[in-house]
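These notes concern the structure reproduced below.
FYI, it's all coordinate maths here, none of it is from the lab. Just so we're clear, the structure is a prediction, and the values are computed from it rather than from any experiment.
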C-alpha cells in the first residue's frame with residue numbers, strides 16, 4: 001500500500017492498494033473519488049464477522065446512488081484473520097456473498113498501521129477492533145468513524161450515508 005500524488009486527489013484517497021488475492025493494484029482516488037465511501041477493516045473469525053452480510057446489503061442498496069464499501073482484512077486484533085488472501089476471499093464470497101471490493105490484508109493498529117489507516121486514524125482515531133468503519137464523502141473528506149459495535153444497518157450510520165448520497 002503506497003501513497004501516491006495524482007492531481008486533484010484528496011489525501012484520504014491518495015493511495016495505491018492491491019485487490020485481495022490479485023496482482024492488480026488500483027489507485028483509490030482514480031477509482032472511487034466522487035463516491036461516498038465506507039472503509040472497513042474486516043476479519044473472518046470475529047464476533048462481528050456477520051457484519052459482512054450487512055455491509056453487502058448496504059453496498060447493494062446504495063451502490064446505484066454512489067456508495068462503495070471497501071473491505072480491508074486485518075489480522076491485527078485477536079488473530080482473527082490468519083488465513084491466506086485466497087482463503088479470506090473465498091470465505092467472504094461463499095459465506096456472505098460479498099461483492100464489494102476487498103483489498104490486501106492490512107495493518108490497522110496505530111503502532112504498525114499501513115499508510116491509509118495512518119491517514120484515517122490520525123483524523124478520527126485508529127481502529128480498536130475489527131469492523132471499524134470510516135465514512136468518506138464524495139470529495140474525499142472523512143466525515144466520521146464508527147466502532148465495531150455500530151452495525152451496518154445502524155440508523156445513525158445509514159442516515160449519514162443517505163444524507164451524503166441524496
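With an 8 Å Cα cut-off and a minimum separation of 6 or more residues, compute the relative contact order for region 2-161 in percent.
Dividing the mean separation by the residue count of region 2-161 yields 28 percent.
Can you bin region 27-124 into rounded, prolate or oblate? Criterion: square roots of the alpha carbon gyration tensor eigenvalues sorted a ≥ b ≥ c, rounded for a/c under 1.5, prolate for a/b above b/c, oblate for the rest.
Oblate shape, in that a/c is at least 1.5 and b/c is the bigger or equal ratio.
At 222 nm, what value in deg cm²/dmol follows for the chain if DSSP H runs of at least 4 each add -39500 (n - 2.57) and the sum is divided by all its residues, to the nearest 500?
One gets -9000 deg cm²/dmol as the mean residue ellipticity at 222 nm.
Obtain the radius of gyration and the Kirkwood radius of the chain from its C-alpha atoms and give Rg over Rh.
Taking Rg over the Kirkwood Rh, I get 0.92.
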